[in-house]
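For reference, the structure discussed in these notes is given below.
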Amino acid sequence: MENIGALALLLAFCIGLYAIAASIVGRLKGKPFLLLSGERAMLAVCLLVTAASVVLVYSLLTGDFRMAYVASHTNKAMPVFYKFAAWWGGQEGSLLFWSWLLSCYGATVVLLNRKSHRHIMPWVVAIISSVQLFFLTLNCFVVSPFQVLAEGKLIVNVPDGMGLSPLLQYWAMVIHPPFLYLGYVGFAIPFAFAMASLISRAPGDSWIHITRRWTVVTWLFQSIGITLGAGWAYHVLGWGGYWMWDPVENASLLPWLGGTAFLHSVMMQEKKGMMKVWNMVLIASTFFLCIFGTFLTRSGIVSSVHAFAQSPIGKYFVVFLATGIAAVVWLIIDRLDFLKSEAPLESVVSRESSFLFNNLILLASCFAVLWGTLFPIISEQFGTEKISLDAVWFNRLMVPIGLFLLFLTGVGPLFAWRKTSMESLRKNFQGPGIGMLLVVGALFAAGMRHPYALISFGLCFFVAATITMEFFRGSMAIREKTGMNPIMAAVELTHRNTRRYGGYLVHMGIVLMFIGFSGKPFDQRATAEVDKGSVMHVGRYTLQVVDLIDGDTPDYQWDTAVLKVAKDGENLGELRPTRRFYKASKEGSAHVALRPRLNEDLYINYASREGDKAVLQAYVFPLVNWVWIGVLVLVFGTLVALVPAKVARSYARTEVVGVTRKNAPVEV
């Protein structure tokens, strides 16, 4: 079986090489049969990589322990879904998973554009195939998932495997990497179309219209993947947080920031013909940050609970990144005349400027996270010791940036296009601004003194008020014309322009997430060594240890603390934090006990046990569930934005010379 998988990858590598050559030569020489064969080669690559993936998954599920990857990441006692998740649970398998997703994306692009965009499709095929070829190089020649265990010239079949890391044996980790990879890999498609339009000097903004939904869906996958990772950290790692500015966490955040900036910036190009250079830089940066994130996780150059061990693949990623970035920089500089803006920025107080400031702040945050992530490596190379920047450093820098971005989220809808009059500013800002001051004043009077929390709650009200005003005004206008009830009028309003009002719902999700973030300064915690009958306190909660029990399964041993929970003297039932020790991997993991509520979570971690005594860590996390609620609203808003609008719109574009023209209608 392993020979079939390895042969399929090798054939995919050869055919991918042909796809690049056929597409470029066919485009330059005007040979339609070569262009068609290049596209069919991409479909063949997809089939071959799929075949290799099926071989690996079959080996994982059936326990073919002759294969090194299977022996290292599964064992007989593991549930089937964790055996399947082992596909992306190790380095070799995860890189194959990357290749498979990219091949599926590439095949989908070819099938959807068989009869359209023929002027740029050869370059799109060549660019996607080039990225595919890089990962197939790793799959075939550097870290093959089809290596067998051997002693000398003899193949060894061990009786059982080591099993998947206990930290990965959690439901969210079964789906977290696929969603994150769907985001990482998906950004290759808009990148390929953007570079293809540059290479071919394709007129207009067709590449944006082609890839808008690609980009939104990819951004959504990335958002869900990051959130699932945060949920995994919250429920499994036992320290109680959902974000610790770990290098691998940062690696997933970086392309999300770049993609967010790009999604805002392309609206300026569609409506005004502005920020064309910005958009090329942003989509290229986002794609390369996806590659960088993959490199950071798999090269072993950073220390992280998420990262893989030291690996030889790092140098290959460095060469690929350096070559790709140099090529893109040269291409953008060479095509600057093609990227000239069609309209000037007329006023600082305008919606155009709010988009520009949004881009600047998002890029500043991206650079700050990148610098903090790479600083340990830089300090080790150019200094005497390796210096890591902790969460305190990141929070000191990123909290003000985040609050300013939140402010811009509320300000943007209040500005008019081109220029906003002072009267309009006063009218639009007066209500939300006064409400914000009242909220801050009330919280201060109630005893809240944390400055960032006060600012955050005030800004959350401000942004929520501006979004509500937008929905209210539009809904009332529709209600007056149609007689609909307010809810149906709001639905009709959203359906008429799903892109705009779906975006507002995404912003509302961000507001709810910031409410959750704002509770962080008020966390409470306690740690105690307890035995049966002991009592510990955290905040207003009393925890009484009813019993300490343990047990055994074929896969792991477990210890559980049975706790009677009370708050202000009122009995709330039992919680049972557990710790497991997995026999195959000789590693342990925590399964925290949680009492989630909208106002706060009671969170208990079973840290360790020695004889008849156990160490428990108890936390109270105010408002944390609003983070998860906000993510659900963000996902819903993104899905709304993807629904075709009831009314097709076309954007009027004002060129520098002042002549107004209409583009082809664009469905929004």
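We did not get these values from a lab; they are worked out from the coordinates using the rules stated. A quick note: this is a predicted structure, and the numbers were derived from the prediction, not measured. We place every Cβ from the backbone using ideal geometry, glycine too, and count neighbours over all the protein chains shown.
Round to the nearest 0.05 the FRET efficiency obtained for M484 and Q430 when R0 = 30 Å and r is the Cβ-Cβ distance.
Numbers: r = 29 Å, r/R0 = 0.95.
For R0 = 30 Å, the calculated efficiency reads 0.55.
Which value in nm describes the separation of the simple spin-label points at A391 and K340, placed 7 Å from the Cα toward the beta carbon?
It is 5.2 nm.
Please report, in debye to the nearest 20, how large the charge dipole of region 524-622 is about its Cα centre when each Lys and Arg carries +1 at its beta carbon and each Asp and Glu carries -1 there.
My answer is approximately 200 debye.
List the lysines whose Cα sits under 19 Å from the Cα of K583, skipping any in the same chain fewer than 8 residues away.
K583 reaches K76, K83.
If you filter region 64-144 for trypsin sites (Lys or Arg not before Pro), then keep DSSP loop positions with at most 15 other Cβ within 10 Å, what is left?
K76, R114, K115, R118
Taking the Cα centre as origin and putting +1 on Lys and Arg beta-carbons and -1 on Asp and Glu beta-carbons, what dipole magnitude results for the chain, to the nearest 20 debye?
In total the dipole reaches around 2500 debye.
Can you find, among I333, A41, G16, the residue sitting farthest towards the positive end of the charge dipole of the chain, where Lys and Arg contribute +1 and Asp and Glu -1 at Cβ?
I333
Show which lysines lie in cross-link reach of K613 when reach means a straight Cα distance below 20 angstrom and same-chain residues fewer than eight apart are skipped.
Answer for K613, where 20 Å is the Cα cut-off: K532, K564, listed by chain and number.
Could you calculate the FRET efficiency of M422 with L321 from 1/(1 + (r/R0)^6), where r is the beta carbon distance between them and R0 is 35 Å, rounded to 0.05?
Efficiency, from the Cβ-Cβ distance: 0.15.
If you add up the charges near I283, with Lys and Arg at +1 and Asp and Glu at -1, over every other residue whose beta carbon is less than 12 angstrom from its beta carbon, what do you get?
Net local charge, I283 excluded: +2.
Under a Cβ-Cβ cut-off of 14 Å, what is the net charge of the residues other than R114 that fall near it, where Lys and Arg count +1 and Asp and Glu count -1?
On the way: positive: R40, K115, R118; negative: E39.
Taking every other residue near R114 into account, the sum is +2.
Inverting the mean 1/r over all pairs of different Cα atoms, compute the Kirkwood radius of the chain and quote it in Å.
Values: mean 1/r = 0.0364 Å⁻¹.
Mean inverse Cα-Cα distance, inverted, gives 27.5 Å.
Looking at this model, which pairs from K31/K271; K386/K520; K340/K419 are more than 32 angstrom apart at the alpha-carbon?
Over 32 Å Cα-Cα: K31/K271.
Straight-line reach from K427: which aspartates and glutamates have a Cα under 17 Å away, not including same-chain ones fewer than 8 places off?
Hits, sequence-local ones excluded: E470.
Fewest first, what order do C140, C104, C366 take by the number of other Cβ atoms within 10 Å?
Least crowded to most crowded, the residues run C104, C140, C366.
Apply 1/(1 + (r/R0)^6) to the Cβ-Cβ distance of D552 and I629, taking R0 = 30 Å, and write down the FRET efficiency to the nearest 0.05.
Efficiency, from the Cβ-Cβ distance: 0.20.
Would you calculate the separation in nanometres between label points at H119 and H450, each defined as 7 Å from the Cα along the Cα-to-beta-carbon direction?
5.5 nm
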